[in-house]
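Here's the structure, in structure tokens; my notes come after.
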Number of protein chains: 2
Amino acid sequence: MTNSASERPGEFALIAELFAPLADAPGAFGLTDDAAIVTPPAGHDLVATTDALVEGVHFFAGDPADLIAKKALRVSLSDLAAKGCAPAGYLLALSLPARIEMSWLRAFAGGLHDDQRAFGVSLLGGDTTTTPGPVTIAITAFGHVPAGAMLRRTGARPGDIVFVSGTIGDSGGGLVCLKDGGAALQEHHRAFLVGRFQVPQPRIALGHALLGLASASIDVSDGLIADLGHIAETSGVRIDVEAERLPLSAALASVWPDRMDRIVRAATAGDDYEIAFTAPPEHGDAVLGLATSAGVPITQIGLATAGEGAVLLDANRRQIPIDRPGYVHF
Amino acid sequence: MTNSASERPGEFALIAELFAPLADAPGAFGLTDDAAIVTPPAGHDLVATTDALVEGVHFFAGDPADLIAKKALRVSLSDLAAKGCAPAGYLLALSLPARIEMSWLRAFAGGLHDDQRAFGVSLLGGDTTTTPGPVTIAITAFGHVPAGAMLRRTGARPGDIVFVSGTIGDSGGGLVCLKDGGAALQEHHRAFLVGRFQVPQPRIALGHALLGLASASIDVSDGLIADLGHIAETSGVRIDVEAERLPLSAALASVWPDRMDRIVRAATAGDDYEIAFTAPPEHGDAVLGLATSAGVPITQIGLATAGEGAVLLDANRRQIPIDRPGYVHF
């Protein structure tokens, strides 16, 4: 762990003490060195992904610090999940304004601690710096996958079936609740949706099970249609999504009562951290059979065809116009 | 490359286009996937380090964008150098305020492009997000080192000689010039010092050559005495630095004319990105012989002894008091 910008050297020493117990992998050296060893096991590839979360953009200043930590970590673990990787560890670059107090940092470290247990990962190293701006959290997560087996965005072929895990749009609904209060909602609906926004659930077990079955895979962060558009572009196919098939939670109906409006919002809200993927038809049954072992519903939502782009089709197979396919942050 | 916070989706698409040509390693997939493959060559460890640089803390808002990019990359490459690693690639998490223009980003990408050639590294992936705050750049750099050979902070033993590469304090002098103008300095002195602040030189060749010779190693970022203090603490030794031996540039004398004041400032200013290291006496001549091949002066500055802490000694071996051993940012 290195501490730049030591205007607050005492405080930064405390931060290092706070984070050191999280660095329990051998290659982390208990944060006592400048770099970590992240060599993968023999026969495996090491996969790395980085994401930055900014206060006021990806989370609210008043959000509980332990949940902010969990979201920051889980956003990166979700990328690994969609690539079929077993998560191993992460590096943390934390930029902190002077107003942040030790109690906030303790809660933040506590959130990381809990999620390290939940996902079997270790803090491997990091950097703490001051900032005149908002809290900014950059996490680089590492995962292992059998050599050459990483699930890619490429690989979807015409005729492949398109699937998505879980339900779509809940995080967008949770964001509406946090902005508007969601007072009209039943409390358990509101709690469910806000929870989906604040603490996403990376689909690690599903991603691992998709190795050898899926032809292309991505986690839904920008928005379902936008992310399937990424698969369409890199695979050189068109992806037709049938609006009627989209898996939506019961809670979401209380946020957006109009059905077609709800579908379009859910398909574009993003921040879902479900896995959207394609598989050849001969693997269709095997894929649907994974729902139990992976602990998450899996829904067939469309087909890959010849052409380009990802589109949302109504019951008459007419394209539903979408203003913007991806996520708009608050 | 993932783009969160797509309030400016068109702009973020342009950024992805701008950075894609920098991703020329096979595992980067031209930034068309969510994660990169960073598996090291057989028989090697993969070493990773992360650093965040914040506008107004680590660089000035008006600094040339290509130099900001170079500094951000080189700060991480310097960590790899001190660990004896050959640099391989990096991930970039970039948080950008709305005021940033494409011309700035083009210059930023241009700086990365030049340094990728200079150091033989590739962009492997990244994340771009908006921020209501300052430009924040988090880089995670990867390097390779023969398995088990990474230079550590531990390993210094009583009797080991303490060395440092290059000259110390120039970056601190450069910062004084940038804040005060440095108008009284000769232009070539000012340019040299500002250059040392803005574009550090990671000592890659030296670090590699130190494998098998150095017992402990660190790059000087916090300040020479603070960083040697890290070696002292993790190795369980005391480090005596002889003030008279510190390698100082001629240019530095024009910033801080008083000799003892200059020495103390140089030993604590930080941001030097030289390598401070220890080696057993039997390797002393071999170490000094590396200066030519590594292209950087190497100076013997002290000894490791029994005890704890790193201290600066005057010609009479009296300890010179130091208010704070590490770097204070502007």
Open item on the list: Take the conditions assigned by TED's automatic domain parsing to the domain that holds A:Gly284, under 25 Å from A:Lys71 (Cα atoms) and in contact with a helix residue (DSSP H, G or I) (Cβ under 9 Å, 6 or more places away or on another chain) and apply them to A:Ser249. Does it pass?
Closed with: yes
- [ ] Kindly list, by first and then second residue, each pair from a residue in segment A:234-257 that is without any contact (Cβ under 8 Å) to a residue 12 or more places away in the chain to a residue that is in a helix (DSSP H, G or I), limited to pairs with Cβ atoms under 7 Å and residues at least 6 apart or on different chains.
- [x] A:Ala253/A:Arg262
Task: Given (1) at pLDDT 95 or above; (2) under 28 Å from B:Pro87 (Cα atoms), index of the condition B:Asp222 fails - done: (1)
Open item on the list: Please determine whether any residue of segment B:313-326 is of a type outside the set (A, V, I, L, M, F, W, C), touching a residue at least 24 places away in the same chain (Cβ under 8 Å) and surrounded by 14 or more Cβ atoms within 10 Å (Cβ to Cβ).
Closed with: yes
Task: Test result for A:Ala251, among the aliphatic types (A, V, I, L, M), within 14 Å of chain B (Cβ to nearest Cβ) and within 18 Å of A:Gly169 (Cα to Cα) - done: no
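Would you pick out the residues in segment A:183-205 that are more than 19 Å from A:Gly270 (Cβ to Cβ) and either of a type outside the set (Lys, Arg) or not assigned by TED's automatic domain parsing to the domain that holds A:Gln300 (or both)? Break it down stepwise before answering.
Start the filter on segment A:183-205 by keeping residues that are more than 19 Å from A:Gly270 (Cβ to Cβ), which leaves A:183-191, A:204-205.
Scanning segment A:183-205 gives A:Ala183, A:Ala184, A:Leu185, A:Gln186, A:Glu187, A:His188, A:His189, A:Ala191, A:Ile204, A:Ala205.
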TODO: Could you please find all residues in segment A:10-45 being under 18 Å from A:Gly110 (Cβ atoms) and not in a helix (DSSP H, G or I)?
DONE: A:Ala23, A:Asp24
Task: Single unsatisfied condition, A:Met260 versus (1) at pLDDT 95 or above; (2) outside any loop (DSSP other than H, G, I, E, B); (3) more than 24 Å from A:Leu211 (Cα to Cα) - done: (1)
Open item on the list: With the requirement that a residue be touching a residue at least 60 places away in the same chain (Cβ under 8 Å) and within 15 Å of the chain's Cα centre (by Cα), what does segment B:217-226 give you?
Closed with: B:Ser217, B:Ile218, B:Asp219, B:Ser221, B:Asp222, B:Gly223, B:Leu224, B:Ala226
Task: Breaking point among (1) within 10 Å of chain A (Cβ to nearest Cβ); (2) within 14 Å of the chain's Cα centre (by Cα); (3) assigned to a strand (DSSP E or B), for B:Pro87 - done: (1)
TODO: For residues that are in contact with a Phe, Trp or Tyr (Cβ under 7 Å, 6 or more places away or on another chain) and hydrophobic (A, V, I, L, M, F, W, C), scanning just segment A:219-271, find the one that is nearest to A:Ala191 (Cα to Cα).
DONE: A:Ala251
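Rundown of residues vs (1) outside any helix (DSSP H, G or I); (2) farther than 17 Å from A:Ala304 by Cα, yes/no style:
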position	(1), (2)
A:Ser171	no, yes
A:Leu193	no, yes
A:Ser217	yes, no
A:Glu233	no, no
A:Leu248	yes, yes
- [ ] Please report, ordered by residue number, the strands (runs of 3 or more DSSP E) entirely within segment A:263-330 with at least 3 residues that are within 14 Å of chain B (Cβ to nearest Cβ).
- [x] A:275-279
TODO: Considering only segment B:97-127, state which residues are within 14 Å of chain A (Cβ to nearest Cβ), in contact with a strand residue (DSSP E or B) (Cβ under 9 Å, 6 or more places away or on another chain) and without any contact (Cβ under 8 Å) to a residue 40 or more places away in the chain.
DONE: B:Pro97
- [ ] Just name the residue that is farthest from the other protein chains (Cβ to nearest Cβ) out of those in segment B:144-169 that are surrounded by fewer than 19 Cβ atoms within 10 Å (Cβ to Cβ) and part of a loop (DSSP other than H, G, I, E, B).
- [x] B:Gly159
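The values are calculated or read from the model by the stated rules, or taken from the named source; none is laboratory data. Computed from a prediction, not measured in an experiment: that's the story for all the values here. Reconstructed Cβ throughout: ideal geometry from the backbone, glycine too, with neighbour counts over all protein chains shown.
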